[in-house]
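The values are calculated or read from the model by the stated rules, or taken from the named source; none is laboratory data. What you are looking at is a predicted structure, and each value in this text was computed from that prediction instead of being measured. Cβ: placed from backbone, ideal geometry, glycine included. Neighbour counts: every protein chain shown. Accessible surface areas use protein heavy atoms only, side chains included; no ligands, DNA or RNA. Shrake-Rupley method; radii C 1.70, N 1.55, O 1.52, S 1.80 Å.
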Amino acid sequence: SNNNNNNNSNNNNSSNGSSSDSQLVAVGVDIGSHNARIYISQNSTSYPSIVPNENGQRYTLAISVAEPEIESDPMNDQYWDDNKKQTKDSSSSASKKKKDVHYLHGDAARKSLQRLKKPIEPHCILNMIKTLQQEQQNHHQEEQGGDEEQDQDLIQQDDTSNQDACLSFFQHLTNLTAHASHTSPQHLRFVLSVPPSDTSFASELSVYFQQGVLQSIQQAGYAKSEKKMIHSQKRILSLIAHPVAIAHAHGLLSDNESGKKNVLIVDWGASAMSMTHLVIVGGIARIQKHVWEPSLSGRNIIALVVKHIAELFERKNRGIPPGEVMCNKKARAKLEIAAEEALRSLGFSSKVTVNIDGLYEGLDCHADVMLATFEMLMRSFLTKAEGLWKGFQEEEEEEEEGNNNIIKYDAVIGAGSVMNIKCVERLMDRIFPCDTFHRGKSANDVPPEEAIAMGCAIYGSCYLSTTFLDAIHDNSNDESNGNGNIPDTLQHLSLVEEEVALCPMSIGLRLVEGDPIAILLIEEGAPLPALVTKMINVSECSSKGIDIVQITSEDEKTIGKIQGIDGGEENKQIEITAEVDESGIFSVAVNGLVTEWEDMDS
């Protein structure tokens, strides 16, 4: 109740410096070990909507790195010219003011690290926050003197660079959210989520995110009279655990049932696979037991696909020694990007064609990853996951038998990006059949990889609406405002509902007639307008053209054809751009020119 009172006082203070028609927007943020996802909920009765990144993707790579001052490629003239200039002006540049450092985020940051041949892990947001926390603890515990003070100064410089990188990334997320919600960063209120297995960095995450939001507000600009009020406001509403956020996304905490619920949350993401037993009583969730297994992480699955593609490439090019491609840092980075795209496509099709230009010593990679082969590679992961799921149930039953209780799960919910893989879905259906267990909302309503961000947004919307109603109730009893109307000081708490159009189906390309879908252009549920451009290898294309296929959960239907493609040349590539506007009108362009395609069925 103290937190609510503080929040009300802060909101009342904000009304003094803002217009009466300002609106608060609840934002749910899931900062994972690999990707960050954002959902906004502008009304407690409306469905949350995704916040895409600048490229239209539903996720943002949680990577931030300082933009290099010069190109790292020695073949670039700028590399040598800037080095000579720096050598000549080294003495004079020391007296000049240091230039502002610009930071890259997401795909741009990964490409920069790839060019510099640097590892990605140290530049991931959560890793940097954990590093900052550990180094701050070491600074307080250790007192160094003499020559060791120089090392301490170097450590503090690293701390500053990591901190600035995190703040810049959080500012970037705030800017994306403000643009998507058509509001000012001042009106955003965030709910963050942390894993139950490691909550030590939760306070640091909240502090750095708050500072990142303030930087975004300063960038947008505000009146001088509002400075004190803006810096005193609390932008982070709450931090909740991953399983609790997933339960919110599936509506398990919104029911007004007085009974007790036992819910099993299976979260299989990039960092680990975790199992959590939630006990829900009266809309309040409590974590009864939590187990996690890092060896079954999504990163290890990606590494498995990377190794498989490298073996196919080396098998095709027999002059390359076995294992040589994996030792090349640049080639490995390209393979990891291709493996991530292949895993997403395997959730829709039975075959994925991987095309990588100049993978190793100028040789291009063209490999087909079959779903059957991938499931064979996943056998060890599935066997271990099955043992852990069954063992978790047996341990729970043994513990409850000692208390003379019989445990029965009312719902079993799957979440995480790995849950989109078909063999994992079949394993869940076999161990936890839908006839026996409630499996939550469908994947179309709550995508497994976005459940945490969606749940945070739903929780934030409920938090704001509850605070709003409490404030109205308190003021309705005030003698100075006995008419029960909403006072001017609370008008800024009103929320607005906005619907975001989503693509109702997936759209892909079939290069050879009769083959399964090889290339996925636009995913189902992508925010509209959606624009995607890809380079397609048409060397094995059918003479009849390329089929444009509409993919739904029920069937596949050919809706058009790109004709006039000559696929006789080896390794010939074309640029295909697909667009779906807000009205649902679909158009295709080849090499920048609109291509005529015939409607197969109205």
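Before moving on, here are some points about what is shown:
- Near pairs, Cβ below 9 angstrom, 6+ apart or cross-chain, from segment 521-540 (at positive phi) to any residue that is open to solvent by less than 70 Å² (accessible area, probe 1.4 Å) and assigned to a loop (DSSP other than H, G, I, E, B): 525/58; 525/447; 525/503
- Residues located in segment 362-379, provided they are open to solvent by less than 80 Å² (accessible area, probe 1.4 Å), out of contact with any strand residue (DSSP E or B) (no Cβ under 7 Å at 6 or more places or on another chain) and within 28 Å of residue 292 (Cβ to Cβ): 374, 375, 377, 378
- Yes/no for residue 385 being open to solvent by 70 Å² or more (accessible area, probe 1.4 Å), at pLDDT 90 or above and among the small types (Gly, Ala, Ser): no
- Segment 230-252 - residue that is open to solvent by 30 Å² or more (accessible area, probe 1.4 Å) and touching a strand residue (DSSP E or B) at 6+ places or on another chain (Cβ under 9 Å) and, of those, farthest from residue 204 (Cα to Cα): 248
- All positions within segment 182-207 that are at pLDDT below 90, part of a helix (DSSP H, G or I) and open to solvent by less than 40 Å² (accessible area, probe 1.4 Å): 202, 204
- Annotation note: of 472, 517, 486, the sole residue that is out of contact with any Gly (no Cβ under 7 Å at 6 or more places or on another chain), in a loop (DSSP other than H, G, I, E, B) and modelled with pLDDT under 80 is 486.
- Hits in segment 117-148 (condition: open to solvent by 50 Å² or more (accessible area, probe 1.4 Å) and at pLDDT 85 or above): 118, 119, 121, 122, 127, 130, 131
- Meets criteria (of a type in the set (Lys, Arg), over 25 Å from the mean Cα position of the chain (by Cα), open to solvent by 40 Å² or more (accessible area, probe 1.4 Å) and under 27 Å from residue 167 (Cβ atoms)) for residue 227: yes
- Looking only at residues of segment 255-292 that are over 30 Å from residue 125 (Cα atoms) and in contact (Cβ under 8 Å) with a residue 40 or more places away in the chain, we find that the one that is surrounded by the most Cβ atoms within 10 Å (Cβ to Cβ) is 263.
- Against the criterion of being open to solvent by less than 10 Å² (accessible area, probe 1.4 Å) and at pLDDT below 90, residue 392 qualifies.
- Members of segment 519-548 found to be over 27 Å from the mean Cα position of the chain (by Cα) and β-branched (Val, Ile, Thr), listed by number: 538, 546, 548
- Condition met for residue 261 (at pLDDT below 90, of a type in the set (Lys, Arg) and not in a loop (DSSP other than H, G, I, E, B)): yes
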